[in-house]
Amino acid sequence: MNNGIESCASELLRLHNVSQSYSRGGQAVLVLRDINLTLMRGQTSALVGASGSGKSTLLNILGLLESPVSGRLMFAGHNMLNANADVLARLRNRDIGFVFQAFNLLPRLSAMDNVALPLSYRGLPRREARCQALQQLQQVGLADKAHDKPADLSGGQRQRVAIARALVGNPSLILADEPTGNLDSHTAEEIMALLLELNRERGVTLVMVTHDTALAERFERRIRVIDGQLQEGATHGRC
Ligand SMILES: Nc1ncnc2c1ncn2[C@@H]1O[C@H](COP(=O)(O)OP(=O)(O)OP(=O)(O)O)[C@@H](O)[C@H]1O
Ligand SMILES: [Mg+2]
C-alpha cells in the first residue's frame, strides 16, 4: 500500500500493526487487523467502506480517543503507547479537531461559547477565548450568528460552528466522521468546500469518513476499510 511516505510533506501520524477488538457476547471480535498507515502533514484522506467496517473505530484511534489493543501509534514523532492520559488529553486538545455527523454542540451555549470551549479547557481567559472564537466564526462565515444557540441555526450553520470549534485551537489534524451525513446536498457541498479550503489555506491535515464516492474523489488519498484492513488506490500528489 502506498502510505504517502514519498510525499513532499513531513510525517504527522503513523500507525504500525494496529489492531482493535471489542468484546461481544463475551468473545473478542477483531475490528481492525494489523493496520499500517502513515499520514503526512497537510494531506487530505477520505476513509470509505461499508457500514460496520471500522471507519469510526480507525478515526477514534487516529484521534487518540481510543487505544488499540495492539500496535504502535506515533503522533508528531511521539510514541503514544507510552503516553499517559494527561498527555493524550493535551495532544487531543491542542493538535486535533473533531467534526461529527451529529454536530455535537452544547445546546445551552451560544455559537461563540461552543467554539470557545476548547480554548477554555486550555485555560485561556474567557474574554480571549471568546475573541478568538468570534474570529473563527468569521472565517466560516457565521460572525452574525455568534450569539445564537444551536437550536436557532440550520444544519449547515451548526456544522460550520462545529468546524469553527474544531479549528479554533489551530490543530494540525482535523478528523471528520461523515460531517455532511445530516445535510442536504447543497449544504453538504458548502461544508466540503469549506473543509478543503481550510486544508489549502492553513495546511491542516484532513481525514474524513464518507459514504459518498464523488466526495471521496476530491481527496488526495482514498483509503478503504475492508474486513478490518486497509486498501488504497492511487494517491494524487500535490508537490
Ligand atoms: N465500543 C464498541 N463496543 C463494541 N463494539 C463496537 C464498539 N465500537 C464499534 N464496535 C463494532 O465495531 C465494528 C466497526 O464499527 P465502526 O463504528 O467503526 O464502523 P463504521 O465503519 O464507522 O460504520 P458506519 O459506516 O455504520 O458508521 C462494528 O461491528 C461495531 O459494532
Ligand atoms: Mg461510523
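Rg and Dmax of the chain, both derived from C-alpha coordinates alone, stand at 17.6, 52 Å. Sequentially through the stretch 144-156, phi angles give Karplus couplings (6.51, -1.76, 1.60; θ = phi - 60°) of 6, 10, 3, 9, 7, 7, x, 4, 8, 10, 6, x, x Hz, Gly and Pro residues having no value and appearing as x.
Rounded to the nearest 500, the 222 nm mean residue ellipticity of the chain from helices alone is -10000 deg cm²/dmol, with -39,500 (n - 2.57) taken per DSSP H run of at least 4 residues. In a shell of Cβ-Cβ distance under 15 Å around Pro179, excluding Pro179 itself, what net charge do Lys and Arg (+1) and Asp and Glu (-1) give? With Lys, Arg at +1 and Asp, Glu at -1, the neighbours total -2.
Electrostatic tally near Lys145: other residues with Cβ closer than 13 Å to its Cβ, Lys and Arg +1, Asp and Glu -1, net -1.
Measuring max minus min along each principal axis, the C-alpha atoms of the stretch 133-206 give extents of 31, 27, 16 Å (largest first). Charged neighbours of Gly63, selected by a Cβ distance under 12 Å, balance to -2 (K, R count +1; D, E count -1). Translational diffusion of the stretch 10-68 was estimated from the Stokes-Einstein equation, with Rh taken as the Kirkwood radius over Cα pairs; at 25 °C and 0.890 mPa s the coefficient is 197 µm²/s. Against the main long axis of the alpha-carbon atoms of the chain, helix 85-95 sits at an angle near 60°. For Lys149 and Ala50, the FRET efficiency from 1/(1 + (r/R0)^6), where r spans their Cβ atoms and R0 equals 30 Å, is about 0.25. Give me the angle, in degrees from 0 to 90, between the Cα long axis of helix 111-121 and the longest principal axis of the Cα atoms of the chain, rounded to the nearest 10. That works out to roughly 60 degrees. Judged by the mean number of other Cβ atoms found within 10 Å, the most tightly packed of the peptides 39-50, 94-105, 182-193 leads the ranking 39-50, 94-105, 182-193. What is the log10 of I(q)/I(0) for the stretch 76-171, computed with the Debye formula using one identical point scatterer on each Cα and no solvent, at q = 0.18, 0.19, 0.20 Å⁻¹? Here log10 of I(q) over I(0) equals -0.76, -0.83, -0.90. Of Asp152, Asp212, the residue with the largest accessible area leads and the full order is Asp152, Asp212 (1.4 Å probe). The 3J(HN,Hα) values that the Karplus relation (6.51, -1.76, 1.60; θ = phi - 60°) gives for the stretch 161-175 are, in residue order, 4, 4, 5, 4, 5, 5, 9, 4, x, 6, x, 8, 9, 10, 10 Hz. Gly and Pro appear as x. Under 5 Å between amide hydrogens, built in the peptide plane, is the criterion, and for Ala176 it picks out Val99, Val207, Met208, Val209 among residues at least 5 positions away or on other chains. Against the criterion of solvent-accessible heavy-atom surface with a 1.4 angstrom probe, Tyr121, Tyr22 sort, most first, into Tyr121, Tyr22.
The values are calculated or read from the model by the stated rules, or taken from the named source; none is laboratory data. What you see is a predicted model; the values in this text were computed from it and never measured. Virtual Cβ from ideal backbone geometry, glycine too; neighbours counted across all protein chains shown. Keep in mind that these areas ignore ligands, DNA and RNA; they rest on the heavy atoms of the full protein, side chains included. Shrake-Rupley method; radii C 1.70, N 1.55, O 1.52, S 1.80 Å.
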